[in-house]
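The values are calculated or read from the model by the stated rules, or taken from the named source; none is laboratory data. Please read these numbers as outputs of a predicted model, since none were measured by experiment. Positions of Cβ are generated from backbone atoms using ideal geometry, with glycine treated the same way; all protein chains shown enter the neighbour counts.
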Amino acid sequence: MLFLPLLPRRTRPPAIHRRRFHRPPPHPLLTAASSSSRRVTTTASTQQCAPPPSTLALLADHPNPAVSEFPRAGFSRLGDHPLLARAIHGLAVRHALPLSAFHRNTLLAFYFRRRDAAAALHLFDEMPDRTPSTWYTAVSGCVRCGRDGAAFELLRGMRERGVPLSGFALASLVTACERRGRDEGIACGAAIHALTHSAGLMGNVYIGTALLHLYGSRGIMSDARRLFWEMPERNVVSWTALMVALSSNGYLEEALRAYRQMRRDGVPCNANAFATVVSLCGSLNNEVPGLQVASHVIVSGLRNQVSVANSLITMFGNLGRVQDAEKLFDRMEEHDTISWNAMISMYSHQGICSKCFLVFSDMRHHGLRPDATTLCSLISVCASSDHFSHGSGIHSLCLRSSLDSSVTVINALVNMYSAAGKLSDAEFLFWNMSRRDLISWNTMISSYVQNCNSTDALKTLGQLFHTNEIPNYLTFSSALGACSSPGALIDGKMVHAIVLQLSLHRNLLVGNSLITMYGKCNSMEDAEKVFQSMPTHDVVSYNVLIGGYAVLEDGTKAMQVFSWMRSAGIKPNYITMINIHGSFTSSNDLHNYGRPLHAYIIRTGFLSDEYVANSLITMYAKCGNLESSTNIFNSITNKNIVSWNAMIAANVQLGHGEEALKLFIDMQHAGNKLDRVCLAECLSSCASLASLEEGMQLHGLGMKSGLDSDSYVVNAAMDMYGKCGKMDEMLQMVPDQAIRPQQCWNTLISGYAKYGYSKEAEETFKQMVATGRKPDYVTFVALLSACSHAGLVDKGIDYYNSMASSFGVSPGIKHCVCIVDLLGRLGRFAEAEKFIEEMPVLPNDLIWRSLLSSSRTHKNLEIGRKAAKKLLELDPFDDSAYVLLSNLYATNARWVDVDKLRSHMKTININKRPACSWLKLKNEVSTFGIGDRGHKHAEQIYAKLDEMLLKLREVGYIADTSSALHDTDEEQKEQNLWNHSEKLALAYGLIVVPEGFTVRIFKNLRVCSDCHLVFKLVSMVFNREIVLRDPYRFHHFKVGSCSCSDFW
């Protein structure tokens, strides 16, 4: 017996309420007959108390129609006349009026409808005989009054007495199951389902529909589908229940297919069915099916039904057809509160705050009071910092209207405060709610995720499991967002396991969220497994998978997924194109995929989309083709701020900083408003050019524009000051630790690393971890770079080994370059080679270039030749490989090899990039090459050079000719070294930079050992502070010492 565990056995089933409930005193009209009726049998009672024959005739002749119909209709017509009903019951008790089974059943139904379950159950206990209808009425009445336990006791009594079961009673009991917890409700529903089978009632459409609702509300769609298609009879209610179950669980397309099948089966739609399907079309955001269903509504003649019209307004609003919704609203003959709410909700979704409040005002003028739905829509449109003051006013209205205890209203307020950045207020409201539903929990989890508080989001998910609420697909869609970083992969897998346990993995939204999570955790193998296991895919599924490969810059895999997408007949959108463009990074990618995709975009008309055109600008720039980026930019007729930003970023990325700043000026002349992305890119341009003055001007412009507090801008400004040699200015900008974003931590560590302040970099890293911030990929690049610049090999290797084990960050190529550089600088080439063989990523040009550079420092020909060979295998025309190998031969005095290599370079038309140095004073940039005499102050500069040489020799300066790269005598080598570009720049700096101010010099190549020595001695002899920046780091010279501690 399936019900035995659920329904404890009783000794006297008929008197259901006597033992189980503390019954209040019976209704006054019932007390008169309570004692006498228990002393006699039904027959005796009827014989002894037979009323005069005229009694029924008197009621039939009563002038009140409700009373006169009593002999024929019983108490069923007296529902709106409770005093009359009780009076007739009192008359029957007083005069022992013989009530038929029909009259007793209608009286029983009357008390249940009045929510007087105690009186109804007392009446049930005292009935002399009970028909099956009596039992059915009692069961459904108990469920209606929330007396679920009594309802199941009655079911047991029915079965023990052989009362036949009915679909009506069982359907009521299924409704009771929906009020129970997830597991108990499912078990109870399954038991009723089994009982229905055994009773042969599966053909009853009411019980089938009730079970369908139960399975749908619990998210068990596999059982819901199987139940529906096994139903022998399906009416419009059944189809509507199926559509509701599918749409509420995220299966919108399948729900639409169910509607189409219902029409093919010839089942006519009623108003409720149309309202359901119209609502799901609105959620699909697809005009075609939405307009088709709207036409079906018109043909059916149900357009004037208020519920259907309200659904159409909502659908038009979701589709952005505001004018259609307005016309429909104006033509409606009758408006209820839902109609006004639909209009307010539509304007809310469109973000038209003013119209929301205008309609709200009209609604109140028409005498309709706002309900919870009204206020929720108004609160939603205020869910931003721009309209937060309006939202606070609506919150006050909620308090005045006594709607502040409504769960839906508080849910909307929690979302509003969170969206406005007031997370503490959102938390206060949520945790002080007297009752929370599933939407409450979902909203709070989503709020934590939106505010980058992943830890509390997952903690809240854990607390949800200790309640009676059942997590649904929306819960896990939000929760997975809290696991979307490489360090949260373990948490993501745990959430995935719970999704599998609850059988929600087949849900499309959950599947897409899982792919997104694994993609952001750089676990693309898992992402693809999820994708392959999904029963259905939409354009989002393909886009997020392509996006994951784009982050890893894997163009081949991105194009493979795009090919799957086209084969499956899924139409790509602009996001598809943008994601694919982001995966291309090299000239090979451009040739193999980029240009063919560009042709596809032109053929399919995507080029007219401004977002796609802008992404093409970025794609060509990433692949090194600035000319094509410029051509696409120039072809855009109406350039928006995103177009300008893309072009500025393209120039910055490819080292055309001056052109980027010119574009910025053109953009302002075109009337475009400065935004944070543009300002950050221009600050990056100044950082790459080491243009401090322009950077400071841009920073000032950002302050005037109110962008100085934006974290993106703050980080770019910090980076600019750091790379322009103004570490003090950078430190002044660092936000407080409690609110410091991840990027600023990384920039600070990187700044210390470039200056050689390894202790400060390490201390900053420890502070970052102590505040609860998780270091990421960039953090460890900066930290390992600091170790490399300081020669801290053991610490560097320890930090590298702790990345994955302690912080969940997978080592990348840049981390490996730092380790190879660190080992190479110390001459530990055997360890470096072993590391390269064992590192988790394939070595690229950066690895071999670093090893080649180190081999030159330590004059290791064997390692240098190996590294050069590997480098040239990757790119036979890499000029740096030839230059570094030539320098290696020169330091080993292998001049014949030097000549051969330089001759080969001329043959294949490869030129060495000339060294140059520059310094900027006010608006003038002075640039110097080796032995340059083209400067207007050349005579003074060389005179200063002679003065410098005399004074340095007095303190023991001897030229380090190991840095000489030409086979000449020692005197010529010294002369060549003394004419290096950075020495010329230094001499000019000593002339034009006033004493007491720092001389700031920049060089495009690494500084040689002789120049480094000269800068140290000059800082001591001339008592000047000097900052030299090369492509790798800063050298801060002061009183004869350098910040690099002679390790660079």
State whether one or more residues within segment 602-609 are in contact with a helix residue (DSSP H, G or I) (Cβ under 9 Å, 6 or more places away or on another chain), of a type in the set (Asp, Glu) and assigned to a helix (DSSP H, G or I). no
Select from segment 191-204 the residues that are in a helix (DSSP H, G or I), surrounded by fewer than 19 Cβ atoms within 10 Å (Cβ to Cβ) and not polar (S, T, N, Q) and list them in ascending order. 194, 197
For segment 334-360, pairs from a residue that is among the polar types (S, T, N, Q) to a residue that is assigned to a helix (DSSP H, G or I), with Cβ under 6 Å and 6 or more apart or across chains, are 339/310; 341/373; 341/374; 345/377; 348/356; 348/377; 348/380; 348/381
Sole miss for residue 938 among (1) surrounded by fewer than 17 Cβ atoms within 10 Å (Cβ to Cβ); (2) within 23 Å of residue 1025 (Cβ to Cβ); (3) of a type in the set (A, V, I, L, M); (4) touching an Asp or Glu at 6+ places or on another chain (Cβ under 9 Å) is condition (2)
Can you pull out every residue in segment 687-715 that is touching a residue at least 12 places away in the same chain (Cβ under 8 Å) and either outside the structural domain of residue 648 (by TED's automatic domain parsing) or within 26 Å of residue 999 (Cβ to Cβ) (or both)? 687, 688, 689, 690, 691, 692, 693, 694, 695, 698, 699
Residue that is part of a loop (DSSP other than H, G, I, E, B) and among the small types (Gly, Ala, Ser), where the choices are 290, 282, 250: 250
Test: residue 240 is assigned to a helix (DSSP H, G or I), β-branched (Val, Ile, Thr) and more than 26 Å from residue 339 (Cα to Cα): no
Can you give me the number of residues within segment 130-172 that are in contact with a Ser or Thr (Cβ under 6 Å, 6 or more places away or on another chain) and within 16 Å of residue 102 (Cβ to Cβ)? 1
Considering only segment 762-771, I want to know if a residue exists there that is among the aliphatic types (A, V, I, L, M), modelled with pLDDT under 90 and crowded, with 16+ Cβ neighbours inside 10 Å. no
Report, by residue number, each residue of segment 858-880 that is surrounded by 16 or more Cβ atoms within 10 Å (Cβ to Cβ) and either within 24 Å of residue 800 (Cα to Cα) or of a type in the set (Asp, Glu) (or both). 863, 867, 878
Single residue of segment 80-110 satisfying the filter (touching a residue at least 60 places away in the same chain (Cβ under 8 Å) and of a type outside the set (A, V, I, L, M)) that is surrounded by the fewest Cβ atoms within 10 Å (Cβ to Cβ): 94
Out of the residues in segment 667-715 meeting the condition of being touching a strand residue (DSSP E or B) at 6+ places or on another chain (Cβ under 8 Å) and not acidic (Asp, Glu), tell me which one is surrounded by the fewest Cβ atoms within 10 Å (Cβ to Cβ). 692
Expected single match for on the phi < 0 side of the Ramachandran plot and over 57 Å from the mean Cα position of the chain (by Cα) among 985, 959 is 959
Can you tell me which residue is modelled with the lowest pLDDT among those in segment 608-644 that are under 18 Å from residue 678 (Cβ atoms) and aromatic (Phe, Trp, Tyr)? 611
Among the residues in segment 380-403, are any without any contact (Cβ under 8 Å) to a residue 12 or more places away in the chain and touching a helix residue (DSSP H, G or I) at 6+ places or on another chain (Cβ under 7 Å)? no
Residues within segment 315-341 that are in a loop (DSSP other than H, G, I, E, B) and among the charged types (D, E, K, R), tallied: 4
Do you know which residues across segment 97-143 are within 26 Å of residue 207 (Cβ to Cβ), in contact with a Gly (Cβ under 7 Å, 6 or more places away or on another chain) and not aliphatic (A, V, I, L, M)? 102, 106, 110, 112, 113
What pairs come out if I take residues in segment 889-902 that are among the basic types (Lys, Arg) and surrounded by fewer than 15 Cβ atoms within 10 Å (Cβ to Cβ) and pair them with residues that are at pLDDT 85 or above and assigned to a helix (DSSP H, G or I) whose C-beta lies under 7 Å away, six or more apart or interchain? none
How many residues does segment 722-766 hold that are assigned to a helix (DSSP H, G or I) and basic (Lys, Arg)? 4
What's the number of the condition residue 1007 fails, among (1) in the same structural domain as residue 941 (by TED's automatic domain parsing); (2) more than 24 Å from residue 898 (Cβ to Cβ); (3) modelled with pLDDT under 90? (2)
Residue check for residue 782: in contact (Cβ under 8 Å) with a residue 24 or more places away in the chain and not in a helix (DSSP H, G or I): no
Hits in segment 998-1025 (condition: within 20 Å of residue 790 (Cβ to Cβ), in contact (Cβ under 8 Å) with a residue 40 or more places away in the chain and not in a loop (DSSP other than H, G, I, E, B)): 1009, 1013
Just give me the residues in segment 574-590 being of a type in the set (S, T, N, Q) and more than 20 Å from the chain's Cα centre (by Cα), in sequence order. 583, 585, 586, 587, 588
Inspect all residues belonging to segment 825-846 and state whether any of them is within 21 Å of residue 721 (Cα to Cα) and either in contact (Cβ under 8 Å) with a residue 12 or more places away in the chain or surrounded by 22 or more Cβ atoms within 10 Å (Cβ to Cβ) (or both). no
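Every residue, every condition in (1) farther than 24 Å from residue 303 by Cβ; (2) of a type in the set (Asp, Glu); (3) over 32 Å from the mean Cα position of the chain (by Cα), yes or no:
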site: 344; (1), (2), (3): no, no, no
site: 347; (1), (2), (3): no, no, no
site: 362; (1), (2), (3): no, yes, yes
site: 365; (1), (2), (3): yes, no, yes
site: 372; (1), (2), (3): yes, no, no
Where the second residue is of a type in the set (Asp, Glu) and in a helix (DSSP H, G or I) and the first is over 17 Å from residue 608 (Cα atoms) and lies in segment 625-650, which pairs have Cβ atoms under 6 Å and are six or more apart or on separate chains? 648/681; 649/681
Being part of a helix (DSSP H, G or I) and modelled with pLDDT of 85 or more narrows it down to one residue among 446, 392; which is it? 446
All but one of (1) in a helix (DSSP H, G or I); (2) more than 30 Å from residue 203 (Cα to Cα) hold for residue 169; state the number of the condition that does not hold. (2)
Out of everything in segment 259-276 that is at pLDDT 90 or above and crowded, with 21+ Cβ neighbours inside 10 Å, what residue ends up being nearest to residue 312 (Cα to Cα)? 259
